[in-house]
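The values are calculated or read from the model by the stated rules, or taken from the named source; none is laboratory data. These figures come from a predicted structure and were not determined experimentally. For neighbour counting, all protein chains shown are included, and Cβ atoms are generated from backbone atoms with ideal geometry for every residue, glycine included.
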Amino acid sequence: MTFVQSDHPAILEVAKAIGEPGANDRGRAVAAYDYVRDEIGYEFMAKLHPEQYEASAVLRRGRGFCVQKAVLLVALLRACEVPSALVLSDLRDHTMPQRIADAMGTDVMHGHGLVAVWLDTAWWLVDPSHDAAFAEQKGYQRVEWDGHGDALIAATTQDGRRHAEYVGLHEVHLDLPFGQLLRTFAEAYAQADVNALAAAGVRVGDLDAESLVQLASDHRRSSSDDRS
């Protein structure tokens, strides 16, 4: 199963629409980043089924959490002929309400999605998670990118409170390691209180360690069958 569907007709159509005639790699990369950041709304809800992470599905739905948006951006960048890859990280959110941190068992978002972009003989890390409307509503600094350097969520909010702290960067991936991501969720949130999260307004679906491990196992077995 391919998640980064850079040759999907819908992805190619967006790549064509956002590309300025004669634009260079930097111009196409910035246009792709801006599109995914703002046209795909952010939602704080991990997804547990592989089809939900396909770039075309994220584009069609118009919303997603960090990993989904990162997968879409990688696909769109490649469709724009800009080399890119998916990076998973651990992000501590100092603005997370204590009741949610308590229910999750941590204030760190494990498996947070980033994108590595190759421009001018260097790799840059960008984070397209928060759309402009969401950032303004939460009082977060908007993550702007001009194609020079990294573009990550700021360490402070608009009013100076502590915000984002990237506490770990993990492997670089050409495509989403779905089974690995679910195992990361299962290990990191094994102590999560699903009922408390739901009471705090966090949509959790079937989030629990046992379900995550089973889904990861099923996906691994399905992938092995496809290759045989």
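Are any residues in segment 8-53 under 19 Å from Ala116 (Cα atoms) and touching a Lys or Arg at 6+ places or on another chain (Cβ under 9 Å), and if so, which ones? Let's see the steps before the verdict.
Filtering segment 8-53 for residues under 19 Å from Ala116 (Cα atoms) gives 11, 15, 24-38, 40, 53.
Residues satisfying the conditions are Ile11, Ala15, Val36, Arg37, Ile40, Tyr53.
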- Task: Name, by its number, the condition in (1) closer than 30 Å to Phe185 by Cα; (2) touching a residue at least 40 places away in the same chain (Cβ under 8 Å); (3) not hydroxyl-bearing (Ser, Thr, Tyr) that does not hold for Gly19.
- Result: (1)
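I'm checking my understanding of the structure. Among residues of segment 178-193 that are crowded, with 18+ Cβ neighbours inside 10 Å and more than 17 Å from Arg92 (Cβ to Cβ), which one is modelled with the lowest pLDDT?
Here is the first cut: in segment 178-193, the residues crowded, with 18+ Cβ neighbours inside 10 Å are 178-179, 181-186, 188-189, 192.
In the following step, the residues that additionally are more than 17 Å from Arg92 (Cβ to Cβ) were identified as 178-179, 181-183, 186.
On the way: Phe178: 95, Gly179: 92, Leu181: 93, Leu182: 90, Arg183: 90, Ala186: 86.
Filtering first and then ranking leaves Ala186.
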- Going through (1) over 15 Å from the mean Cα position of the chain (by Cα); (2) crowded, with 16+ Cβ neighbours inside 10 Å; (3) modelled with pLDDT under 95 one by one, His170 fails only at (1)
- How many residues does segment 173-202 contain that are under 19 Å from the mean Cα position of the chain (by Cα) and in a loop (DSSP other than H, G, I, E, B)? 6
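I'm checking my understanding of the structure. Among residues of segment 1-25 that are within 23 Å of Pro177 (Cβ to Cβ) and touching a Ser or Thr at 6+ places or on another chain (Cβ under 8 Å), which one is modelled with the lowest pLDDT?
Here is the first cut: in segment 1-25, the ones within 23 Å of Pro177 (Cβ to Cβ) are 1-8, 11.
Among the residues that remain, those that are also touching a Ser or Thr at 6+ places or on another chain (Cβ under 8 Å) are: 1, 5, 8, 11.
On the way: Met1: 90, Gln5: 98, His8: 98, Ile11: 98.
For segment 1-25, the residue satisfying everything is Met1.
Look at segment 85-126 and say how many of its residues are closer than 29 Å to Val194 by Cα and of a type outside the set (Gly, Ala, Ser).
Within segment 85-126, the subset closer than 29 Å to Val194 by Cα is 86-114.
Okay, now just the ones that are also of a type outside the set (Gly, Ala, Ser), so 86-88, 90-100, 102, 104, 106-110, 112, 114.
Qualifying residue count, segment 85-126: 23.
Let's see how each residue does on (1) under 30 Å from Ala23 (Cβ atoms); (2) in contact with an Asp or Glu (Cβ under 8 Å, 6 or more places away or on another chain):
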{"residue": "Arg92", "(1), (2)": "no, yes"}
{"residue": "Thr95", "(1), (2)": "no, no"}
{"residue": "Gly111", "(1), (2)": "no, yes"}
{"residue": "Val126", "(1), (2)": "yes, yes"}
{"residue": "Asp131", "(1), (2)": "yes, yes"}
{"residue": "Ile153", "(1), (2)": "yes, yes"}
{"residue": "Gly179", "(1), (2)": "no, no"}
{"residue": "Glu187", "(1), (2)": "no, no"}
- Task: For segment 77-102, name all the residues that are farther than 23 Å from Ala154 by Cβ and free of Cβ contacts under 8 Å to residues at least 60 places away in the same chain.
- Result: Glu81, Val82, Pro83
- Query: Within segment 97-105, is there a residue that is more than 29 Å from Ala15 (Cα to Cα) and touching a helix residue (DSSP H, G or I) at 6+ places or on another chain (Cβ under 6 Å)?
  - Reply: yes
